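The values are calculated or read from the model by the stated rules, or taken from the named source; none is laboratory data. This is a predicted model, so every value here is computed, not measured. Methodologically, a virtual Cβ is constructed for each residue, glycine included, from the backbone with ideal geometry; neighbour enumeration extends over all protein chains shown. Heavy atoms of the whole protein, side chains included, go into the accessibility calculation; ligands, DNA and RNA do not. Shrake-Rupley method; radii C 1.70, N 1.55, O 1.52, S 1.80 Å.
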Amino acid sequence: RTRGIIVDPVDPTHKTWFAGSVSGGIWKTTNAGLNWSNQTASLPNLATTVLAQASSNPDIIYCGTGEGFSNADAVNGAGIFKSVDHGNTWAQLTSTTSYEFRNINRIIIDPGNADILLACTNQGTVKRSTDGGTTWSSGIFLNTIFNKIQDLKADPTNFSIQYCTVNGDGVY
């Protein structure tokens with residue numbers, strides 16, 4: 001299953017893509033899918049569920065792991081990984097190795113600042129980092145019935161306005 005995809009905005013031909021596979025890691029093509037190369041063969045967890053590239057600095061890409069969509073064959077994750085060299089190498093954000101970050105369903109990045117990002121989890125929280133993932137808020141949104149937060153979007157004209165969908169509960 002492919003849960004995340006990025007069409008690289010740096011490539012004017014739009015033939016460079018990154019794809020996140022649930023049990024196969026991150027793959028890259030530079031010829032619109034004819035050939036692929038594995039970018040994450042050495043990662044400790046390959047359960048890629050979301051990819052997010054910073055529009056203010058396309059060299060920064062975040063990868064959320066853990067398939068939190070209640071399917072019977074779901075693969076648990078190991079937090080968030082980050083690349084600062086356009087997807088060539090990846091490092092696990094040590095701040096995301098706890099149970100709370102086991103299943104990352106979506107990541108959004110402030111279009112004006114690559115260090116400001118939000119992540120929604122299967123454990124019912126939306127977390128915020130203002131330092132590129134080094135530290136996280138205790139939860140800017142907590143669903144008290146602990147339903148999965150499965151999607152997260154920002155208003156395209158104002159990143160300070162965000163929306164999340166909570167499984168079985170609605171839109172916040």
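Data table
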quantity	calculated
Residue check for S70: at negative phi, small (G, A, S) and surrounded by fewer than 21 Cβ atoms within 10 Å (Cβ to Cβ)	no
Subset of region 111-128 [within 18 Å of D155 (Cα to Cα) and either open to solvent by less than 30 Å² (accessible area, probe 1.4 Å) or part of a strand (DSSP E or B) (or both)]	A114, I116, L117, L118, A119, C120, V126, K127, R128
Long-range neighbours under 9 Å by Cβ, at least six apart or interchain, first residue loosely packed, with under 12 Cβ neighbours inside 10 Å within region 1-28, second among the charged types (D, E, K, R)	V10/D59; H14/D8
Top-ranked residue of region 162-172 - restricted to ones that are under 19 Å from the mean Cα position of the chain (by Cα) and open to solvent by less than 70 Å² (accessible area, probe 1.4 Å), ranked as farthest from R128 (Cα to Cα)	N167
Residue that is surrounded by the most Cβ atoms within 10 Å (Cβ to Cβ), among those in region 134-161 that are out of contact with any strand residue (DSSP E or B) (no Cβ under 6 Å at 6 or more places or on another chain) and under 30 Å from D59 (Cβ atoms)	F159
I80 closer than 16 Å to I108 by Cβ and open to solvent by 10 Å² or more (accessible area, probe 1.4 Å)	no
Residue within region 61-72 that is touching a His at 6+ places or on another chain (Cβ under 9 Å), closer than 27 Å to I161 by Cα and not in a helix (DSSP H, G or I) present	yes
Matching option when the condition is over 23 Å from N103 (Cα atoms) and open to solvent by 60 Å² or more (accessible area, probe 1.4 Å), among S37, S42, S55	S55
